[in-house]
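Structure, as structure tokens:
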Amino acid sequence: MKISYNWLKEHLPLELSATELAGHLLKIGFEVAGHERLGPTFTGVVVGKVVSKEKHPNADKLSVCVVDDGATKRTVVCGAPNVDAGQTVAYARPGAVLPGGFKIEGRKLRGVESQGMICSRSELGLPKDVDGIWVMGEGPALGADVGALLGPADDILEVEVTTNRPDCLSHRGLARELAAYFHKELKPLGGGMVESAKLSFPVTVEDGEACPFYGGRLIEGVTVGESPAWLKTKLEAIGLRPINSVVDITNFVLHDIGQPLHAFDADKLAGGKIIIRRSKKGENLLALDHKTYDLPEGLLVIADGEKPVALAGVMGGEDSAVTTATKRIILEGAFFNPAEARKSSQKTRLRSDSSYRFERGTDPEAPRAAADRAAGLILQIAGGAAAKPVEVSSPFVTGTRIHTSADKLNTILGASFSSDEIVSVLKSIAKDLSGNASDLGFMPPAWRHDLKTANDLAEEVGRFLGYDNIPYRMAPMVTRTARLTPVETKSRRVRTRLAALGLWEAYNYDLVSEKTLAACRLTADGQPRVAQPLSEDWAVMRSSLLPGLLKNAQYNVSRGADTVRFFEIGKTYAIRDKEVDETWRVAGISLGPVLDARWQTARAPRASFYDGKAIVEDLLEGAGPIAWAKLSEPAAGKTPSDPLFHPTNSLRAVINGTPVATVGWLHPRVARAFDLEREGAIVFDANLDWLAGREIPPARYEDFSALPVSRRDLALVLDKATPYARLEAVIRDCLVPDLQSVLLFDVYEGKNLPEGKVSLAIRLTFGRFDRTLTDPEVAKAVETIVAALAKELGASLRG
């Protein structure tokens, strides 16, 4: 927020330099981000009059003018297109020095002697208003010093005001804060007015909670024109462009005392009335920024008898704007619920100085005083007659009394300020302070929405008495070992295991766009949504971790990455029983060569289905026996990520009847959408909440035999549809006591095998701790296993 130091001193007498003031503001929590010096930085520029203008004999775009500065007449060559005889101008005499140290001297221009310069505002370091020279208008005496006419120099401070202090978003608000800090009295607020007209118009407020106070005053017979110099100078100093006298006055009051106001052209209001209501379906508003906004149903608007004429607390409409043709105005001063202003601003994506203040919370008692001040200025500058305001109000709770004590505030701060110092600070903030130091009752002023607890009052005491005056000492601290939740414990283990398997962890937002969901064959229907998303890219809560990982893979592949091996641990969201349900999951993606480039050959292996399956089996180790099911089988159930998996080349891991994880090839349509169709991406997804809820016994040491083991390799022919897991289960069910391990090391199908058959080569390892097994003992164990396989699976030894 830009603050004019000269303007600030109109509210509070200060003798500090602007630099010293910036230091004090920082101490009480207001950082000064910038400091600019405004005012005349030129000398030798006086008021002159163009007596005559003739075309330059040697240049089409130059004019030869005679300028009278009250003392003498001189010839000046000027290139401005708007120069003309009879104009009052800013004339730089020979010897004048302009901003930047540019010295004016007499010289010839295209053969004509030019004695001085007719200046534009920008050449004098002033805000630019038109192209060409500065035409000053009638009034200033010839020869008068232009710098003196512009008034004293000013310092403009760029003050950072935190979101909890909207009361300081004005010159008087900041002056009030400094008055409490310096223990000074604010100057009285002038600008009263007298009602002289007996005029009225109807005002209706349909939602008193959204608009607890609305005041409107009719002023007739105004003459809207250019604002006086003092008003334009103030607005230009803080970066505002003067528009017309009425609009400039409302802007002045906004930055003077912090209360947004709005003026309507009364003759442009249909039905001659004002209604504060909710917007209806299909309504729109042509705003003052010349843009048309479609208004969602239910926003708070100011309407006339037919249509909305302003978006309450945000911006007025162009159709009812005050212009130089306006003769009757309605001056609005209102207090809008901050939540309503914020909602309207966000839904329409329309921001303004008014919405910036209303959505943070203005002073509910300020609209009447601000409107009186503005009305008085309008009568003074634009003339006319004003009626008494029409006001509609509803009960509104501004704050509650805070009970505390000086000792408690010192305890919160870790300080030892005296009771008198603390009471003095609190009284400087609000006059309504009851009780004594041991039992203080503090009633926050209406403009301080941020003061709600004793902690807030302690902060005020610390700011005004100085944090530097609080002794530095280490507070007593008791350390406690934090306990991890089951999900946190499991997440750490999963993270460690996946990193050990060569995967890199990715972090993505929990929010996705509908466009991304559509590319993943997912829908946003039924998913939790963000009410007011910052961007359409973050509008929907994700139902799967895989969309984010796919974007990560696409980003890396498009930048030349050969291998992508990512995983993510995070939450997914769904709506169940009208509530948002959160589930912790772990997902991953793998594509490209498996080996490092240094070990790759011409036919280097790439990520395959079995790589992904091995990762999932590693994650599920110890959780129970895994049964693999195709996604189309009833036992597989359904998960939100299913549309991303290939319908036939994917499997679901089922443990004790519960679908726990999915692994498979990425669906071809999804792969094409993310430019991964050539890479052959393997994806997996697992329910981390379910895994965290399983009691997995800790790993225990098992002794091993130092004696030789016996191994037997068997080539078994069985139906191609028989899963290997079923074969191993039959072997385990034989309960051969000396069997140590079963290993599948080859799969063959093709020549010399019957149709529909496959050959699985397995290695059986036998051994004991006390002695070496004999060949007959091993042979007997093998016969038992082969017989069981033949009976249960119809398997036979391959000849």
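Filtering Ala80, Ala33, Ala22 for residues that are under 50 Å from the mean Cα position of the chain (by Cα), of a type in the set (A, V, I, L, M, F, W, C) and over 23 Å from Asp155 (Cα atoms) leaves a single hit, Ala80.
For segment 721-743, the set of residues classified as open to solvent by 60 Å² or more (accessible area, probe 1.4 Å) and hydrophobic (A, V, I, L, M, F, W, C) consists of Ala721, Leu735, Leu743, listed by residue number.
Residues in segment 487-536 that are assigned to a loop (DSSP other than H, G, I, E, B) and of a type in the set (Phe, Trp, Tyr): Tyr507, Tyr509.
Among the residues of segment 386-394, at least one is out of contact with any helix residue (DSSP H, G or I) (no Cβ under 9 Å at 6 or more places or on another chain) and either open to solvent by 70 Å² or more (accessible area, probe 1.4 Å) or part of a helix (DSSP H, G or I) (or both).
In the set (1) of a type in the set (A, V, I, L, M); (2) at pLDDT below 95; (3) crowded, with 16+ Cβ neighbours inside 10 Å; (4) not assigned by TED's automatic domain parsing to the domain that holds Gln259, the condition left unmet by Leu174 is number (2). Filtering Ala180, Ala175, Ala141 for residues that are over 30 Å from Ser393 (Cα atoms) and in a helix (DSSP H, G or I) leaves a single hit, Ala180. Every test in (1) over 50 Å from the mean Cα position of the chain (by Cα); (2) open to solvent by less than 70 Å² (accessible area, probe 1.4 Å) is passed by Trp134 save one, and that test is (1). Here the condition is being among the hydrophobic types (A, V, I, L, M, F, W, C), closer than 30 Å to Lys184 by Cα and free of Cβ contacts under 8 Å to residues at least 60 places away in the same chain; of Leu26, Leu12, Leu38, it holds for Leu26 alone. Is there a residue in segment 351-360 that is assigned to a loop (DSSP other than H, G, I, E, B), in the same structural domain as Ala387 (by TED's automatic domain parsing) and under 21 Å from Leu240 (Cα atoms)? Yes, segment 351-360 contains a residue that is assigned to a loop (DSSP other than H, G, I, E, B), in the same structural domain as Ala387 (by TED's automatic domain parsing) and under 21 Å from Leu240 (Cα atoms).
Do you know which residues across segment 314-325 are within 33 Å of the chain's Cα centre (by Cα) and open to solvent by 10 Å² or more (accessible area, probe 1.4 Å)? Those that are within 33 Å of the chain's Cα centre (by Cα) and open to solvent by 10 Å² or more (accessible area, probe 1.4 Å): Met315, Glu318, Asp319, Ala321.
In a residue-by-residue description of segment 326-333, the property of being assigned by TED's automatic domain parsing to the domain that holds Glu220, assigned to a helix (DSSP H, G or I) and touching a residue at least 60 places away in the same chain (Cβ under 8 Å) applies to no position. Count of segment 267-287 residues, restricted to those that are surrounded by 18 or more Cβ atoms within 10 Å (Cβ to Cβ) and part of a loop (DSSP other than H, G, I, E, B), is 2. Looking at segment 344-355, can you tell me whether even one residue there is surrounded by fewer than 17 Cβ atoms within 10 Å (Cβ to Cβ) and in contact with a His (Cβ under 9 Å, 6 or more places away or on another chain)? Checked against the condition, which is being surrounded by fewer than 17 Cβ atoms within 10 Å (Cβ to Cβ) and in contact with a His (Cβ under 9 Å, 6 or more places away or on another chain), segment 344-355 yields at least one hit.
Of all residue pairs spaced 6 or more apart or on separate chains, those with beta-carbon atoms under 8 Å, a first member in segment 214-227 that is without any contact (Cβ under 8 Å) to a residue 40 or more places away in the chain and a second member that is assigned to a loop (DSSP other than H, G, I, E, B) and surrounded by fewer than 24 Cβ atoms within 10 Å (Cβ to Cβ) are Glu226/Pro242; Glu226/Asn244.
Criterion first (farther than 30 Å from Ile412 by Cβ, buried (at least 18 other Cβ atoms within 10 Å of the Cβ), β-branched (Val, Ile, Thr) and modelled with pLDDT of 95 or more) does Thr563 satisfy it? Spelling it out, it is not the case that Thr563 is farther than 30 Å from Ile412 by Cβ, buried (at least 18 other Cβ atoms within 10 Å of the Cβ), β-branched (Val, Ile, Thr) and modelled with pLDDT of 95 or more. Taken over segment 748-773, the residue count meeting the criterion of being open to solvent by 20 Å² or more (accessible area, probe 1.4 Å), under 30 Å from Ala706 (Cβ atoms) and either touching a His at 6+ places or on another chain (Cβ under 7 Å) or part of a strand (DSSP E or B) (or both) is 1. Can you pull out the residues in segment 290-306 that are out of contact with any strand residue (DSSP E or B) (no Cβ under 7 Å at 6 or more places or on another chain) and either part of a strand (DSSP E or B) or open to solvent by 70 Å² or more (accessible area, probe 1.4 Å) (or both)? Within segment 290-306, His290, Lys291, Glu297, Glu306 qualify.
Just one of the listed residues (Thr223, Thr292) is modelled with pLDDT of 90 or more, under 27 Å from the mean Cα position of the chain (by Cα) and of a type in the set (Ser, Thr, Tyr), namely Thr292.
The values are calculated or read from the model by the stated rules, or taken from the named source; none is laboratory data. This structure is a prediction, so every number in the text was calculated from the model and none was measured. Ideal geometry is used to build each Cβ from the backbone, glycine not excepted, and the neighbour counts take in all protein chains shown. Note: accessible area is taken over every heavy atom of the protein model, side chains too, but ligands, DNA and RNA are not part of it. Shrake-Rupley method; radii C 1.70, N 1.55, O 1.52, S 1.80 Å.
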